[in-house]
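For reference, the structure discussed in these notes is given below.
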Amino acid sequence: MSPEPTLRLRIDTQALANNWRELDRMSGVASAGAAVKADCYGLGVDQCVPTLRDAGARCFFVAHWSEVAALRAYVDGAQIAVLHGPIRDSDVAYALETGAVPVINSLDQARRWTEGTYGTNAKCHLMIDTGINRLGVAPEELSDPAIAALNIDIVMSHLASADEDSAMNTRQSAAFRDCLARVSHNRASLANSAGIGLGTDYAFDLTRPGLSLYGGVPRTELSEVIKQVAHVQAAIIQTRVLKAGDAVGYNGEFTAKRPMRVGTVSLGYADGFLRVRGPGTSLMADDRALPLLGKVSMDMVVVDLTGADDLGEGDWLELPFHLPDAAQQSTVSQYELLTTLGQRFAR
Ligand SMILES: *Cc1c(COP(=O)(O)O)cnc(C)c1O
């Protein structure tokens, strides 16, 4: 039996299902898939993938081959796509063994898939680079025989600036449309979460939301429909009374001006609560805000319990984790707020 946790991450699975359904609805005639890479952006494959599957997601995206195994038990016949593609011949063998589908990102990867040691004509996806310059074949490369040899399910590209009203969005979508006529495929896919906010012109056949499934709001078009999914809660593990002049935490950045009661809480930067988020943050006891005192430590923070005499050891506090607000308050991106959550949470 595990000991009682002092740190927990509550995943609101109804909000998660709501978010997928809303993103699917906003995708118009296209269906929404689900980006579940990086352990569902830190929230946990075990907690999130069954909910996304039951909501209706049929295409799951991960980045690494090493992420496939954790998904297989849950996806129930739905497709797993691997964004980094076959980096090595052994990835081709692994794809054939597991049924995971590679995203081909270069002519080299195309040849590895069809002509390498484990060469196959099994279906694959194709990433075209329309300007983000990370992974993907160039539009000029589409006429290469290595591309003609592929059995392509989804042709995709990725938007660089969908969270902004940038001319780059229309440029990329026009470039993508041009490419579609030049490569045989079943389905086309361009939009991530922010791209869904740009409207159904960007949706094609399949959208690939990640961030907004988990409560992120990269564009205001999404702010009404996307609900908070992750709730970070930590217990008070000790209370103490400071005298005037007592300092709190590393480097004594907070000094008490008067006697005051404070609580030490089991949450620190090892749990993703980075030091830059400390200043100006309060932990919440229902509607009461308890300001942080001093620096965030690896495993602890200290909060002011003035006026909260009823709170003591074992009581749970919540870290405000409404992503757009938390990102604005801290300058940490919504993506990083999620993906830096640590491993110590009870989920
Ligand atoms: C991560 C990723 C997504 C999801 O993007 P969000 O901005 O989190 O919605 C979609 N497509 C590709 C290729 C990705 O790498």
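The values are calculated or read from the model by the stated rules, or taken from the named source; none is laboratory data. These numbers were taken from a predicted model, which means no experiment stands behind them. All Cβ positions, glycine included, derive from the backbone under ideal geometry; neighbour counts span all protein chains shown.
Key figures for this structure:
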read-out: Residues of the range 178-227 satisfying the condition of being closer than 19 Å to G131 by Cβ, surrounded by 17 or more Cβ atoms within 10 Å (Cβ to Cβ) and away from the ligand (no atom under 15 Å from the Cβ); value: C179, V183
read-out: Checklist (1) away from the ligand (no atom under 14 Å from the Cβ); (2) buried (at least 17 other Cβ atoms within 10 Å of the Cβ); (3) within 30 Å of N192 (Cα to Cα) applied to L242, failing item; value: (3)
read-out: Selected residue [outside any loop (DSSP other than H, G, I, E, B) and at pLDDT below 95] from Q343, Q328; value: Q328
read-out: Residue among R58, R111 that is in contact with a strand residue (DSSP E or B) (Cβ under 7 Å, 6 or more places away or on another chain) and among the basic types (K, R); value: R58
read-out: Candidate set from the range 146-177 (those that are within 30 Å of G116 (Cβ to Cβ) and assigned to a helix (DSSP H, G or I)); member that is nearest to the ligand (Cβ to nearest atom); value: F176
read-out: Looking only at the range 8-18, and only at residues there that are of a type outside the set (A, V, I, L, M, F, W, C) and assigned to a helix (DSSP H, G or I), the one that is nearest to the ligand (Cβ to nearest atom); value: N18
read-out: Pairs with Cβ under 6 Å, 6+ apart, first in the range 104-125 and within 17 Å of H185 (Cα to Cα), second buried (at least 18 other Cβ atoms within 10 Å of the Cβ) and small (G, A, S); value: I104/G85; I104/A110; N105/G85; N105/G136; L107/A146; A110/A146; H125/A81
read-out: The range 19-68, residues that are of a type in the set (G, A, S) and either more than 11 Å from the chain's Cα centre (by Cα) or assigned to a helix (DSSP H, G or I) (or both); value: S27, G28, A30, S31, A32, G33, A38, A55, G56, A57, A63, S66
